[in-house]
Amino acid sequence: MSESFLRVALTFDAEHPDRPWCPPGNAEHLLDVLAEQDTRATFFIQGRWAESQPITAKRIADDGHLIGHHSHYHARMPLLNDEGLRDDIVEAQAVIEGTTGVDPRPWFRCPFGAGNDDARVLGALAGLGYRNVHWDVELEDWEPTRTGEAIARDAIRGVEAHGDGAVVLLHTWPGGTGEAVDPMIQGLRALGVTFVSVDDLEVLP
């Protein structure tokens, strides 16, 4: 496969942080960098995050990024009963659509990846018009010890190892991610990468 046909989907989980390494305005900084680099990404938005950050959530859509669903409470989906699954998904969908103006269907990402291979969870998602989007390159950007340099370096290595169609997992809140995105994009472009959103990848079921 030629280098010119190397598609990469940068995906960001927009959620409440669960670590201390969370500089104010980090999500807005990421959006600034993506705009400067003319790079379209995919954002999986948590309902409660959208409620607390409606201006930023709306900007994600206004900037032309693909909008996906990342649950309402960021619970591990297999721990919810059938009613709880439906309620969480429906509640977040209403919030996401209300703040961004975009219906997030069919794109869903299970918090922590929990439920990615759970038939009950996947069935509940399908019944509400969703399919789960997992990832190929995990950078552990949520760890406070992860520097921007390390995240960018490992993203480039991970994409090289995976090849065409790599889905990269990132988050909107870690400071390391804020530092990494610009050199990551530049380094991947040097490999001949074309940035796409997940709806452009034929590898998805």
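The values are calculated or read from the model by the stated rules, or taken from the named source; none is laboratory data. This one's a predicted model, so the numbers in the text were calculated from it and none came from an experiment. Please note: Cβ atoms are built from the backbone with ideal geometry, for glycine as well, and neighbour counts cover all protein chains shown. Just so you know, the surface numbers come from the protein's heavy atoms only, side chains and all, with ligands and any DNA or RNA stripped out. Shrake-Rupley method; radii C 1.70, N 1.55, O 1.52, S 1.80 Å.
Using a 1.4 angstrom probe on the protein heavy atoms only, line up 82, 182, 13 by accessible area, largest first.
Accessible-area ranking of 82, 182, 13, largest first: 82, 182, 13.
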query = Of the accessible area of the chain, with the probe set at 1.4 angstrom, what percent is carbon plus sulfur?
reply = 50
request  = Can you bin region 153-195 into rounded, prolate or oblate? Criterion: square roots of the alpha carbon gyration tensor eigenvalues sorted a ≥ b ≥ c, rounded for a/c under 1.5, prolate for a/b above b/c, oblate for the rest.
outcome  = prolate
remark   = Amide H neighbours of residue 68 at under 5 Å, excluding residues fewer than 5 places away on the same chain, with H built from the backbone geometry, are 43, 44, 45
Calculated Rg and Dmax of region 30-140 using C-alpha coordinates, Å = 13.8, 43
request  = Take 130, 73 and sort them by solvent-accessible surface of the protein heavy atoms, 1.4 Å probe, largest at the top.
outcome  = 73, 130
ask   = Which residues in region 80-124 have a backbone N closer than 18 Å to a point placed 7 Å from the Cα of residue 134 along the Cα-to-Cβ line?
value = 107-124
remark   = Cα extents of region 91-172 per principal axis, largest first, Å, are 39, 29, 23
remark   = Extension length gain for residue 199 and residue 117 (0.36 nm per residue less Cα distance), in nm, is 27.5 nm
request  = Calculate, in nm to one decimal, what residue 36 and residue 52 gain on full extension: separation in residues at 0.36 nm each, minus their alpha carbon distance.
outcome  = 3.2 nm
inquiry  = Keeping all protein chains in the complex and leaving out DNA, RNA and ligands, what accessible area do you get for residue 74 with a 1.4 Å probe, in Å² to the nearest 10?
reply    = 30
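For every helix of n ≥ 4 consecutive DSSP H residues, a contribution of -39,500 (n - 2.57) applies; sum these over the chain, divide by its total residues, and give [θ] at 222 nm rounded to the nearest 500 deg cm²/dmol.
It lands at -13000 deg cm²/dmol.
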message = Students often get this wrong, so try it: which of (1) 22; (2) 59; (3) 28 is percent of Cα pairs over 28 Å apart as calculated from the structure shown?
response = (1)
ask   = For helix 175-190, what angle does its Cα long axis make with the longest principal axis of the chain, in degrees from 0 to 90 and rounded to 10?
value = 60
query = Taking the alpha-carbon centroid of each part, what is the distance from region 128-205 to region 52-99 in angstrom?
reply = 21
query = Looking at region 72-146, which trypsin sites (Lys or Arg not before Pro) are DSSP coil and have at most 11 other C-beta atoms within 10 Å of their C-beta?
reply = none
key: Per residue accessible area in Å² of the chain, where ligands, DNA and RNA are left out and the probe is 1.4 Å   = 44
